[in-house]
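> Shown below is the structure under consideration.
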Amino acid sequence: MHDYTDLVSYIIKAMVSKPEDVKVAMVEGERTNRVEVTLATDDVGKVIGRGGRNIDAIRAVVRAAALKNHDRVMVEIV
């Protein structure tokens with residue numbers, strides 16, 4: 001399995017107003033890995049976006065990178 005925390009961290013830190021509060025961790029599962037993102041409560045709305053558009057775009061980018069390596073990865077905001 002490849003590590004996608006750097007990719008998610010790079011994308012989210014560019015979006016938020018408090019990048020020092022962003023913590024990204026990878027939790028390995030049996031078939032699917034989860035990338036868990038913890039951030040400041042003020043920035044949650046920015047990352048999710050109107051109607052979930054931003055988080056869906058982030059998930060699509062990570063999913064495309066994972067498909068290239070034949071991995072399954074989910075991005076979740078904790």
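The values are calculated or read from the model by the stated rules, or taken from the named source; none is laboratory data. Bear in mind that the values here come from a model prediction, so they are computed numbers and not experimental data. Cβ placement follows ideal geometry from the backbone for every residue including glycine, while neighbour counts extend to all protein chains displayed.
> On the given criteria, is residue 41 surrounded by fewer than 12 Cβ atoms within 10 Å (Cβ to Cβ), on the phi < 0 side of the Ramachandran plot and at pLDDT below 95?
Numbers: surrounded by fewer than 12 Cβ atoms within 10 Å (Cβ to Cβ): yes; on the phi < 0 side of the Ramachandran plot: yes; at pLDDT below 95: yes.
Yes: the conditions hold for residue 41.
> When residues of the stretch 5-20 are filtered for being of a type outside the set (S, T, N, Q), part of a helix (DSSP H, G or I) and without any contact (Cβ under 8 Å) to a residue 40 or more places away in the chain, how many remain?
The qualifying residues number 7.
> Here is a further query. Going by the structure shown, is residue 31 out of contact with any Asp or Glu (no Cβ under 6 Å at 6 or more places or on another chain), among the basic types (Lys, Arg) and modelled with pLDDT of 95 or more?
Numbers: out of contact with any Asp or Glu (no Cβ under 6 Å at 6 or more places or on another chain): yes; among the basic types (Lys, Arg): yes; modelled with pLDDT of 95 or more: no.
Against the criterion (out of contact with any Asp or Glu (no Cβ under 6 Å at 6 or more places or on another chain), among the basic types (Lys, Arg) and modelled with pLDDT of 95 or more), residue 31 does not qualify.
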